[in-house]
Amino acid sequence: MVPGKRCGRPFEVPSYAPMESPGEEDSSVLVQTLLRWGGLLTAAAAVLYVISDSVALFFIFGQGGSGTGVFLRNIVAVYARVPLLVGLVALYVYQRKAIGPCGLVGFLEALVGTLLWPLYPVWPGVLASLGWVLFGALSLDAGVYSGAALSLLIVGAGLSGVANALTASGLLAGNLGFTTGVLLADIIFHTATVWLGFELFTKRSGKVQQSVPAS
């Protein structure tokens, strides 16, 4: 055991306990399977976002600044956010003990912000972005997921948060360059979530067991 601190609370690098009974092992296998399929759901939802963002960019550049692509993208976002939220839960649960209580804070910020986004598109988006940045930073420290994917996630979420804050200010309303930047930031973010979701889906059972340490 190596002592240390995370979120101001002492912790020890955990050891991993074997399964104690056949019943617990069966339950663990079920959880592992659900988490892996949650990862696939994350990747699928994020792919929809990337495609819709790319279509929106096509309409902006290929159709003389038409807003049709952005309209279609927003429709996709309303429905794709549900599987993305399920995927967020899977990504969090897989490493919940490794990222500690601050990881829970980041997870909840991202979850609540994404849930409220259809009702209030701007500030919940900022909250969600902050949550994803915190979640990504702590995940990077934990080392459970790919560092490159998490770095991409942090960059994309950070840029999206800035974009939402600027949208709230109204300074760049209707600016095509700004809209393009928002879509590119979204593509960066969701490319990272595709990566992370697929990584979770392809993890073997043994690795999943080791991501949930014994207390």
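Do you know which of the residues in the range 115-126 that are assigned to a helix (DSSP H, G or I) and buried (at least 16 other Cβ atoms within 10 Å of the Cβ) is modelled with the lowest pLDDT?
Of the residues in the range 115-126, the ones assigned to a helix (DSSP H, G or I) are 115-116, 123-126.
The next check asks that each one be buried (at least 16 other Cβ atoms within 10 Å of the Cβ); those that pass are 124-126.
On the way: 124: 87, 125: 84, 126: 89.
Residue satisfying both the conditions and the ranking: 125.
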In the range 154-175, which residue that is of a type outside the set (Val, Ile, Thr) and modelled with pLDDT of 85 or more is farthest from residue 192 (Cα to Cα)?
163
Do we have residue 132 as modelled with pLDDT of 90 or more and either of a type in the set (A, V, I, L, M, F, W, C) or at positive phi (or both) here?
yes
Of all residues in the range 67-84, count the ones that are in contact with a helix residue (DSSP H, G or I) (Cβ under 6 Å, 6 or more places away or on another chain) and within 30 Å of residue 28 (Cα to Cα).
4
Of the conditions (1) at pLDDT 90 or above; (2) crowded, with 19+ Cβ neighbours inside 10 Å; (3) not hydrophobic (A, V, I, L, M, F, W, C), residue 211 clears all except one; give me its number.
(1)
Just to be sure I understand the filter: pairs with C-beta atoms under 8 Å, separated by 6 or more residues or on different chains, first member in the range 95-124 and farther than 17 Å from residue 142 by Cβ, second member not in a helix (DSSP H, G or I). Which pairs pass?
124/117
Taking into account only those residues within the range 42-57 that are without any contact (Cβ under 8 Å) to a residue 60 or more places away in the chain and either closer than 8 Å to residue 69 by Cα or among the aromatic types (Phe, Trp, Tyr) (or both), which is surrounded by the fewest Cβ atoms within 10 Å (Cβ to Cβ)?
55
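Which one of these is more than 15 Å from the chain's Cα centre (by Cα), β-branched (Val, Ile, Thr) and assigned to a helix (DSSP H, G or I): 133, 112, 162, 155? Let's see the steps before the verdict.
On the way: 133 fails: more than 15 Å from the chain's Cα centre (by Cα); 112 fails: more than 15 Å from the chain's Cα centre (by Cα); 155 fails: more than 15 Å from the chain's Cα centre (by Cα).
Answer to the selection: 162.
Being surrounded by 16 or more Cβ atoms within 10 Å (Cβ to Cβ) and out of contact with any Asp or Glu (no Cβ under 6 Å at 6 or more places or on another chain): is that true of residue 152 here? Even if it seems obvious, please write down each step before you answer.
Working: surrounded by 16 or more Cβ atoms within 10 Å (Cβ to Cβ): yes; out of contact with any Asp or Glu (no Cβ under 6 Å at 6 or more places or on another chain): yes.
It is true that residue 152 is surrounded by 16 or more Cβ atoms within 10 Å (Cβ to Cβ) and out of contact with any Asp or Glu (no Cβ under 6 Å at 6 or more places or on another chain).
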Pick out the one residue from 27, 52, 15, 66 that is part of a helix (DSSP H, G or I), at pLDDT below 70 and farther than 20 Å from residue 112 by Cα.
27
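The values are calculated or read from the model by the stated rules, or taken from the named source; none is laboratory data. All values reported here derive from a predicted model rather than from experimental measurement. Please note: Cβ atoms are built from the backbone with ideal geometry, for glycine as well, and neighbour counts cover all protein chains shown.
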